[in-house]
1. The conditions are (1) of a type in the set (Val, Ile, Thr); (2) loosely packed, with under 14 Cβ neighbours inside 10 Å; (3) under 30 Å from Pro96 (Cβ atoms), and Thr183 fails exactly one of them. Which is it?
2. If you scan region 169-180, which residues turn out to be farther than 18 Å from Phe102 by Cα, small (Gly, Ala, Ser) and crowded, with 17+ Cβ neighbours inside 10 Å?
3. Identify all residues within region 175-208 that are of a type in the set (A, V, I, L, M, F, W, C), in a helix (DSSP H, G or I) and within 22 Å of Arg120 (Cα to Cα); write none if there are none.
4. Would you check which residues across region 128-169 are part of a loop (DSSP other than H, G, I, E, B) and over 17 Å from the mean Cα position of the chain (by Cα) and list them?
5. If Leu149 satisfies all but one of (1) in contact with a Leu (Cβ under 9 Å, 6 or more places away or on another chain); (2) surrounded by fewer than 19 Cβ atoms within 10 Å (Cβ to Cβ); (3) within 30 Å of Asp43 (Cα to Cα), what's the number of the condition it fails?
6. Is it true that Ala98 is on the phi < 0 side of the Ramachandran plot, in contact (Cβ under 8 Å) with a residue 24 or more places away in the chain, out of contact with any strand residue (DSSP E or B) (no Cβ under 7 Å at 6 or more places or on another chain) and of a type in the set (Gly, Ala, Ser)?
7. Name the pairs whose Cβ atoms lie under 6 Å apart, with the first residue in region 23-43 and over 22 Å from Asp132 (Cα atoms) and touching a residue at least 40 places away in the same chain (Cβ under 8 Å), the second of a type in the set (A, V, I, L, M, F, W, C) and crowded, with 22+ Cβ neighbours inside 10 Å, and 6 or more positions between them or separate chains?
Amino acid sequence: MTESNPSKAPPPANSVHDESGGDAADDQLLGVARHLFAALGYDEVSTQMISDAAGVDPGTVTERYGGKRDLYLAAMQRTTDEWLVEQELITSRFTPDADGLFFLFDRLLVHCLEHPELPRLWQHRRLSDASDITDLEERNYARMVPQTLALVRSAVRPDVDAEVALWTVSWSIMCYAQAGLPTPQGMRRPPNDPAMLSRMRAHLRWHVRTMARQD
């Protein structure tokens, strides 16, 4: 499990030039665009930036995806689809108790470390990125959240607000996955540092025990 650095260039996009493989070229173009959207936010990325990073003409972005807006929606959809694959695994192994809750949130932690686009794209969105796309949450949350919320609700005590619990723990995980935790002196400790990751997991296990059903 390695930390992704948004300041580094995305993987080479030479395959975009391959006119014989449209699907592969489209996939590579989407990957480049998603990297930029996650690193800089939708509002700060231009079609020209995407085309330069992908090594294609700006017209190719429009031809293959309809432009920046549709490319962004495709990037968000891919990010959601990746989580839904993980969610299927979680659902198949989930138990309505503290162990099940820990499994859910630990898998979210691993997913965010291995797919940093998810927390970064949504962090930008929470800061009003792409505000002209008003149905983004409806397009994606409706596919991601209800099933996960149902799992949490089945495992927490009756006096615990399952929805608030889901979001507060998820936000903590997403923030940690992006930046780790600073030392008291302000030095950065990356999220994939083994000692730091072990401490984060221990805290998650303690946290879920405080809200899980005891029966």
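Coordinate-derived values only; no laboratory data. This structure is a prediction, so every number in the text was calculated from the model and none was measured. Note that each Cβ is placed from the backbone with ideal geometry, even for glycine, and that neighbours are counted across all protein chains shown.
1. (3)
2. Gly180, the sole residue that qualifies.
3. Cys175, Ala177, Ala179, Met196, Leu197, Met200, Leu204, listed by residue number.
4. Across region 128-169, the qualifying residues are Ser131, Asp132, Ile133, Thr134, Asp135, Arg157, Pro158, Asp159, Val160, Asp161.
5. (3)
6. Answer is no for this residue.
7. Partner pairs satisfying both residue conditions: Leu29/Val16; Leu29/Ala54.
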